[in-house]
1. What percentage of the solvent-accessible surface of the chain, computed with a 1.4 Å probe over protein heavy atoms, is contributed by carbon and sulfur atoms?
2. Tell me the label-point distance for the pair A350, L123, using the 7 Å Cα-to-Cβ offset, in nm and rounded to one decimal.
3. Once Rh is set to the Kirkwood radius over Cα pairs, what Stokes-Einstein translational diffusion coefficient, in µm²/s, holds for the stretch 1-155 at a temperature of 10 °C and a viscosity of 1.306 mPa s?
4. Which order do peptides 69-76, 331-338, 157-164 fall in by mean Cβ count within 10 Å, highest first?
5. So what's the angle, to the nearest 10 degrees on a 0 to 90 scale, between helix 309-336 and the longest Cα principal axis of the chain?
6. Post the alpha-carbon centroid distance, the stretch 381-433 to the stretch 74-153, in whole angstrom.
7. Hey, how many Å between the Cα centroid of the stretch 189-203 and the Cα centroid of the stretch 245-316?
8. Any chance you could run the full-extension gain for I401 through L114? It's 0.36 nm times the residue separation minus the Cα-Cα distance, nm to one decimal.
Amino acid sequence: MNEDKKDLTVGPLGKQILFFSIPLIFSNLLQVLFNMADVAVVGRFAGAGALGSVGSTTILVTLFTGFLIGLAGGVNVLVALHVGAGNSREIKETVHTSVIVCFIMGILVLLFGLLFSRSILQLMNTKEELIDGAVLYMNIYFLGMPALGLYNFGNAVFSAVGDTKRPLRYLAFSGVINIFLNLLFVIVFRLSVAGVAIASVISQYISAALILRALFHTDESYGLRLEEIRVNRDKMKNILNLGLPAGVQNAIFQLANLFVQTGVNSFDAVVVEGNSAATNADALVYDVMNAFYIACASFMGQNYGAKNKKRVKNSYLLCLVYSFVFGMVIGVSLFCFGRQFLVLFTNETAVVDAGMLRLGIMSFSYAFSAFMDCTIAASRGLGKTVVPTIIVIMGSCVFRIIWIYTVFAHFKTVPSLYLLYIFSWSITAVAEIVYFIHIYRKSSVNMK
């Protein structure tokens with residue numbers, strides 16, 4: 001048996017979750033740092049205009065990548081469920097169907113991005129001086145979507161079986177290459193926005209190749225065999241039933257943020273650029289907290305498959321505590337060292353001041369998103385995604401749009417814009433927790 005593979009159904013749960021999540025934290029942080037490298041390199045070496053162009057695409061890029069991550073989340077839950085139940089045949093059929101589904105979805109996202117990126121950026125009221133650079137960045141960046149789909153597939157499979165170390169190693173290797181290429185293309189070849197996009201695409205294909213190679217070279221039941229890659233209709237249906245709502249949930253969550261970006265774009269270019277720099281903190285905090293959401297779905301999936309009632313409940317509670325504490329610690333640190341953080345992306349004092357307007361509010365808000373996101377992961381671990389998706393649509397999408405056109409439209413201030421986050425997280429969290437308690441009680445009947 002592979003030494004990195006872990007049985008998540010036995011052992012000291014608190015320690016296991018932490019040790020499982022730490023490689024995920026570093027993996028997610030590396031992704032954030034590599035994305036930050038894109039922004040930092042163009043901001044420091046290509047100017048504020050290039051920074052604004054790349055920053056203007058952040059929400060849109062996150063919308064589509066979030067869809068692929070959500071889809072892979074469905075793969076994670078199904079594989080973990082079958083691992084917990086000890087069903088090798090189900091694991092094999094799920095994995096070999098999933099790789100096709102995730103790759104095809106990556107291609108579809110690529111095509112959609114190429115066709116509609118300019119139109120969407122125009123709808124967002126992207127500044128005229130920034131839009132050409134933003135479209136160029138997106139058209140190149142989206143070429144990496146098929147690779148991103150495959151990497152997320154592989155990462156989901158490894159996480160489901162308790163192996164979070166190998167994806168970290170592959171990501172670290174490709175990320176170092178990404179930073180090197182960023183500096184080469186922007187500083188040496190002066191490709192500006194196009195340079196960081198090309199570097200990102202190359203690194204995405206490297207990480208996908210490495211994780212697929214690992215799956216093809218393992219003898220475990222979750223390994224890939226070329227001759228067995230085919231679509232099993234039942235498994236595809238299960239993957240889509242779990243993954244599509246999760247992917248749509250992530251996409252809709254970001255769709256609501258497009259309206260927020262539209263609000264940001266109503267201010268001058270300095271505020272837009274400051275927001276672009278400050279939003280890097282969102283990814284930093286969220287991706288650390290997200291490690292515990294992945295842990296929650298993986299642990300609950302395996303233990304639900306093993307019908308272990310106590311560990312299912314405790315997995316949720318421990319992951320919730322961990323994610324809240326980590327979110328609060330990082331948020332407070334960002335508040336204390338916000339200016340030093342923002343200087344990584346820009347030398348302009350006015351842009352730093354604008355970025356601090358956002359960090360001043362968001363730093364103390366991040367941790368509370370754990371009550372919403374960890375509960376969604378817990379519901380997903382029990383195989384439920386449709387209702388949590390509907391709740392997110394209402395609480396974190398419809399609510400935000402209403403806020404933009406009422407509260408923000410009335411006050412037209414930066415604080416009135418950013419306060420919508422904690423209010424929407426809180427309202428959504430209450431509804432998600434009520435729903436989770438309901439489905440947990442129903443599911444616990446079949447567990448010991």
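1. Working: 11940 of 17710 Å².
On the chain, the fraction of accessible area on carbon and sulfur atoms equals 67 percent.
2. 3.2
3. Answer from the Stokes-Einstein relation: 89 µm²/s.
4. Numbers: 69-76: 27.8, 331-338: 16.4, 157-164: 26.2.
Ranked from most to least packed, the peptides come out as 69-76, 157-164, 331-338.
5. Roughly 20 degrees between the two axes.
6. 24
7. 26
8. Values: separation 287, 0.36 × 287 = 103.32 nm, distance 2.61 nm.
Answer, rounded to one decimal: 100.7 nm.
The values are calculated or read from the model by the stated rules, or taken from the named source; none is laboratory data. Since the structure is predicted, the reported quantities are computational estimates derived from the model, not experimental observations. With ideal geometry, Cβ positions are generated from the backbone for all residues, glycine too; neighbour counts draw on all protein chains shown. Only protein heavy atoms, including side chains, enter the accessible area calculation; ligands, DNA and RNA are left aside. Shrake-Rupley method; radii C 1.70, N 1.55, O 1.52, S 1.80 Å.
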